[in-house]
Structure formats: C-alpha cells, structure tokens
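Read-outs: derived from the displayed coordinates by stated rules, not from any lab. The shown structure was predicted, so the numbers you read here are calculated from the model rather than taken from an experiment. Note that we place each Cβ from the backbone using ideal geometry, even for glycine, and neighbour counts take in every protein chain shown.
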Amino acid sequence: MNVHIRPISPQDNAPLAALIRQIFREFGIDRPGTVYTDRDTDRLYEVFQHPKSAYWIAEEEGQIIGGCGIYPTEGLPEGCAELAKFYLLPQSRGRGIGRLLMEKSLSSARELGYKQIYLESFPELSGAVSMYRKAGFKDLPHSWGNSGHFACTIWMVKSLE
C-alpha cells in the first residue's frame, strides 16, 4: 500500500470538496442539512486552521483518496471534539486506509488534549458506522453540539481515556 497521510494544504480545497460531494451522491445523501450543501466544504483548509483542530489527507500516487479531521465543534461538551469530514473514495475502501486516517485523527485529538470524540453519520453509510462501532464509538440518542448538519440521524461518542 503506497498511501501517504499528510496535513491538509490550501490546494486541497477544490479536490477534497469534489471528493466529498461525489461520495454524498454515491450514497444518495446529497441533500440540505449535510456537508454536501455546507459552504465550508469548499474551504476546509481554512476551517481546519483552528488551533484545536487537525485534518489529514490520504494520498495515493499523487491523488487525494480521502481525508479525516478533528474539530472543536461549537456546543460540544468541554474536552470533546468532533471526528469530522471523514471520507474515502470507493476504490480505497476495505484496504485499511480509513482505519489509518481515523487513528491519525484520534491520535491528534489526544495530543490536543481531548477526552471524547463525537461524530455524526447516516444509516446509508453503514460500512463507516460499523467501523466506528468496532473502534469503540457508542450510539447516542440525540445530537450534540451545533454542527449545522441537521439531516444526520446517527450520533456517536468515544472516550479517549
């Protein structure tokens, strides 16, 4: 596997936004109240310049194949950040790349001092939801924080302690 994990850079904005929207169309979740229509999707480098955030790009043969980050979403409990914008192209799934991205992001969260990680997802992303559960994420009965992604229907949290 010749995959390189690196921090996000300014030139990643357009290809990463295109990748994310492609995945949302693939799963039929390209609707309002999601990352698909969020204006920040087109400026993820700038969004992840927040000092308590990190975003990692997976690249193979010079092509962006996925990404995952940690972000201090407004309204989350003290010591909690969101596992955010975690997407992987279809041809890259099932190869352990998603696990690498998630582990890199969770490691960043620990380094930044977070004690919990929250995420939002959809039933349509059942492969990802299964991976989250295997990684120790537990289901929540409702959303936390103010991500603005009101269409999500799965909410999960993981302790980092």
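With K and R counted +1 and D and E -1, the other residues having a Cβ less than 14 Å from that of S130 yield a net charge of +3. For the chain, the share of DSSP beta bridges that are antiparallel, to the nearest 5, is 90%. For region 86-156, the alpha-carbon radius of gyration amounts to 1.14 times the rule-of-thumb value 2.2 N^0.38 Å expected for a compact globular protein.
Report the extension gain between K138 and R93 in nm, rounded to one decimal, defined as 0.36 nm multiplied by the number of residues separating them, less their alpha carbon distance.
Working: separation 45, 0.36 × 45 = 16.20 nm, distance 2.23 nm.
The span from K138 to R93 would gain 14.0 nm if fully extended.
Taking 8 Å as the Cα distance limit and 6 or more residues as the minimum spacing, I'd like the relative contact order of the chain as a percentage. Walk me through the numbers on the way to the answer.
Working: 271 pairs, mean separation 36.9, N = 161.
RCO, the chain: 23 percent.
If the segment from R6 to R110 were pulled out straight at 0.36 nm per residue, it would be longer than the present Cα-Cα gap by 35.7 nm.
What is the Cα radius of gyration of the chain over 2.2 N^0.38 Å, N being its residue count?
On the way: Rg = 14.3 Å, N = 161, 2.2 N^0.38 = 15.2 Å.
Compared with the compact-globule rule of thumb, the chain sits at 0.94.
Extension gain for Y45 to F150 (0.36 nm times residue separation, less C-alpha to C-alpha distance): 35.5 nm.
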